[in-house]
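Contents: one structure, followed by commentary.
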Amino acid sequence: VLAFLLVTARKIGATNTQIALLSSSTFIASLLSYIWLPFITRFHPMKILVIVKALARSLLFLMFWVKSSLYFVTLSVIYWILEIGVSPPYVEIIKSIYPEEDRGRTIGFVRVEMVLAIIIATYLGGWLLDRISYRTVFPIGAFFGLLSLYFFRKIPFKRIGEEKRVLVLKEKDCLKIIPLKKIDLTKFFDKVDFGINIDDWEKFEKKIYKIK
């Protein structure tokens with residue numbers, strides 16, 4: 001559907017200036033993403049990405065009431081600023097969910113599937129725009145965009161650099177283990193308890209001091 005923003009803008013009487021603004025909106029959005037990058041990085045990548053993209057795609061519901069080219073272009077530009085503005089968190093998520101050793105090949109397969117989906121969606125969007133008003137087509141696109149976010153947010157994600165750490169204290173022959181975060185230590189050891197006796201301290205210390 002988004003591929004038809006320029007076509008629709010022209011059909012409803014957008015001026016050359018408005019068309020130029022709409023054409024450059026994706027590049028403007030990319031430049032602005034660096035400005036609000038410090039603000040974005042304060043939040044969890046998955047949460048901020050889903051929230052901002054959901055807000056952007058929800059704007060397309062407003063197209064149902066838009067008849068003026070000025071409002072159409074304004075909504076479209078705001079949409080791109082929000083949609084592309086959260087690209088940095090998206091990159092971090094991609095780096096986290098795809099294994100480093102297979103990342104290039106996996107992303108390549110994903111890109112192929114994405115391009116095929118875009119081709120099909122573009123054809124379907126054009127078919128719909130020939131039969132019904134853009135004021136109906138864009139809200140339909142918004143619905144499916146929000147639906148895709150719903151499934152995207154279910155992808156298991158862990159921030160790069162996040163580690164499960166424990167504080168290990170040795171008092172004579174007594175070992176005290178204090179989780180710095182709420183983690184399940186039994187995943188790594190048969191039995192862990194506060195005050196366990198350790199025979200081979202140095203060997204055990206290397207295993208437990210830092211759990212990734």
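The values are calculated or read from the model by the stated rules, or taken from the named source; none is laboratory data. Keep in mind the model is a prediction, meaning the values are calculated, not measured. No Cβ is skipped: glycine too gets one built from the backbone with ideal geometry, and neighbour counts run over all protein chains shown. Accessible surface is based on the protein model in full, side chains and every heavy atom, while ligands, DNA and RNA are left aside. Shrake-Rupley method; radii C 1.70, N 1.55, O 1.52, S 1.80 Å.
Among the numbered criteria (1) over 13 Å from the mean Cα position of the chain (by Cα); (2) at pLDDT below 85, which single criterion is violated by residue 45?
The one condition residue 45 does not meet is (1).
Tell me, please, whether a residue that is within 15 Å of the chain's Cα centre (by Cα), assigned to a helix (DSSP H, G or I) and farther than 21 Å from residue 4 by Cα can be found in region 57-77.
Scanning region 57-77, I find no residue that is within 15 Å of the chain's Cα centre (by Cα), assigned to a helix (DSSP H, G or I) and farther than 21 Å from residue 4 by Cα, so the answer is no.
Taking the residues in region 129-153 that are in a helix (DSSP H, G or I), aliphatic (A, V, I, L, M) and open to solvent by 40 Å² or more (accessible area, probe 1.4 Å) as candidates, determine which candidate is farthest from residue 61 (Cα to Cα). If you could, list the steps in order and put the result at the bottom.
So the first thing to find is which residues in region 129-153 are in a helix (DSSP H, G or I), and the list is 129, 134-152.
After this cut, where a residue has to be aliphatic (A, V, I, L, M) as well, the list is 129, 137, 140, 142, 146-147, 149.
Of the ones still in play, those that are also open to solvent by 40 Å² or more (accessible area, probe 1.4 Å) are 140, 146-147.
Working: 140: 8, 146: 11, 147: 14 Å.
That would be 147.
Restrict the check to region 109-132 and report whether at least one residue is polar (S, T, N, Q) and farther than 23 Å from residue 23 by Cα. Even if it seems obvious, please write down each step before you answer.
Residues of region 109-132 polar (S, T, N, Q): 122.
Applying the additional criterion that residues be farther than 23 Å from residue 23 by Cα yields none.
Within region 109-132 (the criterion being polar (S, T, N, Q) and farther than 23 Å from residue 23 by Cα), the answer is no, since none of the residues qualifies.
Given the criteria outside any helix (DSSP H, G or I) and open to solvent by less than 50 Å² (accessible area, probe 1.4 Å), does residue 9 qualify?
When the stated conditions are applied, residue 9 does not pass them.
Can you tell me how many residues within region 62-91 are within 16 Å of residue 45 (Cβ to Cβ), open to solvent by 50 Å² or more (accessible area, probe 1.4 Å) and not hydroxyl-bearing (Ser, Thr, Tyr)?
1
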